[in-house]
1. Out of the residues in region 197-225 that are in a loop (DSSP other than H, G, I, E, B) and over 22 Å from MET47 (Cβ atoms), state the one that is modelled with the highest pLDDT.
2. Write out, first by first residue and then by second, each pair whose Cβ atoms fall under 8 Å of each other, whose residues are 6+ apart or on separate chains, and whose first residue, in region 1-14, is of a type in the set (S, T, N, Q) while the second is within 9 Å of the ligand (Cβ to nearest atom).
3. With respect to VAL190, is the statement that it is of a type in the set (A, V, I, L, M) and in contact with a His (Cβ under 9 Å, 6 or more places away or on another chain) true?
4. Of the numbered conditions (1) closer than 16 Å to THR154 by Cβ; (2) of a type in the set (Val, Ile, Thr); (3) part of a strand (DSSP E or B), VAL59 fails exactly one; give the number of that condition.
5. When GLY108 is evaluated against the numbered criteria (1) at pLDDT 95 or above; (2) closer than 13 Å to THR154 by Cα, which criterion, by number, is the only one it fails?
6. How many of the residues in region 12-33 are modelled with pLDDT of 95 or more and within 12 Å of the ligand (Cβ to nearest atom)?
7. Which count do you get for residues in region 2-34 that are at negative phi and part of a loop (DSSP other than H, G, I, E, B)?
8. Would you be able to tell me the number of residues in region 193-208 that are within 16 Å of the ligand (Cβ to nearest atom) and under 16 Å from the mean Cα position of the chain (by Cα)?
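The values are calculated or read from the model by the stated rules, or taken from the named source; none is laboratory data. Model, not experiment: these values are computed from the prediction. Positions of Cβ are generated from backbone atoms using ideal geometry, with glycine treated the same way; all protein chains shown enter the neighbour counts.
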Amino acid sequence: MIYFDKVSKIYPDESKALDGISFGVEPNEFITIVGHSGAGKSTLMKMLIAEDRPTHGAVFFESANIHKLKKSQMNKLRRRIGMVFQDYRLIPNKTAYENIAFAMEASGHTENEIASDVPHVLELVDLGKKIWSFPHELSGGEKQRVAIARAIVTQPDIIIADEPTGNLDPVNTFEIIKILQKIHKLGTTVLLTTHNTGIIDEIGGRVITMEKGKIIKDDKHGKYVL
Ligand code: ADP
């Protein structure tokens, strides 16, 4: 589904964020990418959504080199990818419902689809009762659940969650991981990055360990090794 072919990223200040990364992602995998802060995890995710270009190498989505796609093709591909970030990125003056509705409008959904899908997706992340709450009325864990609901409502093929639990306590971290696992079971490919080594054994599945821009371990039934 996705293939990174010897991808390196060297920033103008000559820092090597990625150093010859190669790996593939099969449909419906749940992959955790773990490594200390600065290991290159976010840079890797940026390559996948073409927010930045590799200095060397190529990234393929199905058989297309994503950095060679036309803008319209790239927009189409982006719609197949749902993003979740550490800082939630919710619109502050919109309710949970409106935040999700806004994302659906942007991807061309009708009023009727929005009215039926938003409550459903909030139920899926156990937030049915907070549908009319604004972000400042939600806890960090709840905000992240709204962000996940927003990412999945358009039924992407893949969810990229870049340090989604970075601002959360252990209880909320566990809740978010459980929700990502539930989404995975429903048929979505999940790519999760974390520096929280404590949750690796909890998650199970494939674990890719990064250090200084390199993959130092790719384990089908991962355990933390750093
Ligand atoms: P992680 O997500 O694992 O914490 P990053 O991918 O954010 O790591 O960063 C990897 C390395 O690349 C770090 O050394 C970081 O300082 C560097 N880096 C990231 N983005 C930039 C940038 N825009 N310009 C220069 N260096 C960068």
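1. From region 197-225, those in a loop (DSSP other than H, G, I, E, B) are 204-205, 212-213, 220-225; that's our starting set.
If we keep only those that are over 22 Å from MET47 (Cβ atoms) as well, we get 204, 220-221, 223-225.
Details: GLY204: 82, LYS220: 86, HIS221: 77, LYS223: 62, TYR224: 55, VAL225: 53.
Taking the candidates together, the pick is LYS220.
2. Sorted first by the residue in region 1-14, then by its partner, the pairs are SER8/LYS16; SER8/LEU18; SER8/GLY213.
3. Values: of a type in the set (A, V, I, L, M): yes; in contact with a His (Cβ under 9 Å, 6 or more places away or on another chain): yes.
Yes; evaluated as a whole, the condition is true for this residue.
4. With respect to (1) closer than 16 Å to THR154 by Cβ; (2) of a type in the set (Val, Ile, Thr); (3) part of a strand (DSSP E or B), VAL59 is out only on (1).
5. (1)
6. Residues flagged as modelled with pLDDT of 95 or more and within 12 Å of the ligand (Cβ to nearest atom) within region 12-33 amount to 5.
7. So the count comes out to 7.
8. Matching residues across region 193-208 total 6.
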